[in-house]
Amino acid sequence: MFKKLKKIEKIKRLEQDITSLRGMKILLTEDKEINQMILLGLLEKSGIKVDIANNGKEAVAKYHQQHYKLILMDIEMPIMDGYEATTLIREQDKDIPIIALSANGTKEDIKKTKGVGVNEYLHKPIEVEKLYETFLKYMDAN
């Protein structure tokens, strides 16, 4: 019970901390609408502006049209997966933080994402605490 209360308190504190990122723009690359809605809901109070790409091809196109502080990149998507999209983005930009999202989470998957230039790997279902900490780590520093 005490552990659970501590975790809730930490999430509430992090939720408050990410409001410091208000107005910053990120790109959410995710093919499943339910996952898009969940992530949008988690970021709703933060004031972070979120553009959505439904696959890697859309993500690469949107990346070329806008300036983003961070990209959330699903790994398994139709048309173009997150590995290929990350590789194409990294050819032009080594610095933008790219955070992989995946339900798999095998050591091989994590190693492969690092190999294409992903900064962090978040497992689905997304842990709110880790999501907020990752945003603060990468968006605050840029």
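Taking the empirical scaling 2.2 N^0.38 Å for compact globular proteins as reference, segment 1-41 has a Cα radius of gyration ratio of 1.53. Diagonalising the gyration tensor over the Cα atoms of segment 34-77 and scaling each eigenvalue by 5 before taking the square root yields semi-axes of 18, 14, 7 Å, largest first.
Among 103-116, 43-56, how do they line up by average Cβ neighbours within 10 Å per residue, starting with the highest?
Ranking, from highest mean packing down: 43-56, 103-116.
Each Lys and Arg Cβ is given +1 and each Asp and Glu Cβ -1; about its Cα centre, segment 77-119 then shows a dipole of about 200 debye.
Remark on segment 18-99: ratio of C-alpha radius of gyration to 2.2 N^0.38 Å is 1.03. Computed on the chain, the Cα convex hull volume stands at 108 Å³ per residue.
Just so you know, all these numbers are worked out from the coordinates, no wet-lab data involved. Just so you know, these numbers come straight off a predicted model, no measurement behind them. Neighbour counts run over all protein chains shown; Cβ positions are idealised from the backbone, glycine included.
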